[in-house]
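The values are calculated or read from the model by the stated rules, or taken from the named source; none is laboratory data. Because the structure is predicted, anything quoted here is derived from the model rather than measured. FYI the Cβ positions are ideal-geometry reconstructions off the backbone, even for glycines, and counts take in every protein chain you see. Accessible surface areas use protein heavy atoms only, side chains included; no ligands, DNA or RNA. Shrake-Rupley method; radii C 1.70, N 1.55, O 1.52, S 1.80 Å.
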Amino acid sequence: MRHLVIGASGLVGRHLYRLLKKNGEMVWGTYYRSPEPNLLYMDLVDFLKTRRTIMDIKPDVIYIAGAYTNVNACETDQGSYLVNVQGVKHVLDSAKQQERRPIVVFFSSNYVFPGTAGPYTEIDTVDPLNEYGRQKVYAEHCVLQYGPSLIVRTSWVYGVEPQAKNFVYQVVRALQMKQPFPVADDQLGTPTYALELAEYVLTVVKCGTVGIVHLAGISMPRMAFANEIAREWRLDMKLLTPIPTANMRCNARRPLNGSLESRGAPVLRPPTYHLAEMHEEMENTGFVREGFSR
């Protein structure tokens, strides 16, 4: 099998790429803003470059893990649509030109749901509150129309990443600097460890599953997640400041209960199982940064 991971320098893509390499698979990965050794530069907005990359590699499986993920910026930046929807179409159109169509694995989000009746399963009706969620819905529709495809919806993904920008890094950075950190105390979600997510995605792909699947952890309040992070790093939980979502000064509306559950896939493990592993990896690899110490 020949695998192409689009967005292999990002949080989910990086773990997918590393697992495939570890498993001895033939795998190529791409980056856009964050170059890494052995990864190919690719801009999803550039159709010719996208097509050339796919035609040269001739993958059996394409993982679309790259995206414009700044949810607030998506509200006003028209460039986000070019990446999250048009870029996905570029991949699909390029894949269609191969003699044998590759399987496409697309990563979507709990933001396709309004958050008024969670937890949500794969058969629940989508109704996004924000532009990012709408773009994911549009892209999902295109992927399902393509043919052999798998849509993986997940949420609140965390894990080691060079960019150090997911929720765990945000909490640890603020608390180590003795700064109050506002946490939406009325949100429920499903924190999902990127490495475990990648492991299950590869299992699902190997089984030949197609359609839509939810892969996420257990449902828990965002404040409880933040407390677990502070506990692992032995930081002052009192600096975590509860605040209603409505007062968070966000351009994009957030679902209050965007928890995901699956009709068939297993529930992934909660943060208590993974934060220590993440902490250790941060210390034992080149991704340790000043201000992130035990």
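Below, the figures for the structure above:
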| quantity | calculated |
| --- | --- |
| Flag for R254 being part of a loop (DSSP other than H, G, I, E, B) and buried (at least 19 other Cβ atoms within 10 Å of the Cβ) | yes |
| Scan of the stretch 54-76 for residues that are closer than 20 Å to R18 by Cβ and not charged (D, E, K, R), ordered by number | I57, P59, V61, I62, Y63, I64, A65, G66, A67, T69 |
| Residue in the stretch 196-219 that is within 19 Å of the chain's Cα centre (by Cα), over 22 Å from Y111 (Cβ atoms) and hydroxyl-bearing (S, T, Y) present | yes |
| Residue match in the stretch 235-246 (condition: among the hydrophobic types (A, V, I, L, M, F, W, C) and closer than 19 Å to A117 by Cα) | yes |
| Some residue of the stretch 146-155 being free of Cβ contacts under 8 Å to residues at least 40 places away in the same chain and either touching a Pro at 6+ places or on another chain (Cβ under 9 Å) or among the hydroxyl-bearing types (S, T, Y) (or both) | no |
| Subset of the stretch 22-52 [in contact with a strand residue (DSSP E or B) (Cβ under 6 Å, 6 or more places away or on another chain) and of a type outside the set (F, W, Y)] | E25, M26, V27, G29, T30, L39, L40, M42 |
| Selection status of T209, part of a helix (DSSP H, G or I), open to solvent by 10 Å² or more (accessible area, probe 1.4 Å), closer than 30 Å to Q97 by Cβ and not hydrophobic (A, V, I, L, M, F, W, C) | no |
| Qualifying residue in the stretch 94-116 (condition: at pLDDT 95 or above, open to solvent by less than 40 Å² (accessible area, probe 1.4 Å), assigned to a strand (DSSP E or B) and among the aliphatic types (A, V, I, L, M)) | yes |
| Verdict on G189 being touching a strand residue (DSSP E or B) at 6+ places or on another chain (Cβ under 6 Å), crowded, with 18+ Cβ neighbours inside 10 Å and touching a residue at least 24 places away in the same chain (Cβ under 8 Å) | no |
| Selection count, the stretch 117-134, where residues are surrounded by 20 or more Cβ atoms within 10 Å (Cβ to Cβ) and out of contact with any Asp or Glu (no Cβ under 9 Å at 6 or more places or on another chain) | 1 |
| Residues that are assigned to a helix (DSSP H, G or I) and either open to solvent by 10 Å² or more (accessible area, probe 1.4 Å) or among the hydrophobic types (A, V, I, L, M, F, W, C) (or both), drawn from the stretch 143-184 | V143, L144, Q145, F167, V168, Q170, V171, V172, R173, A174, L175, Q176 |
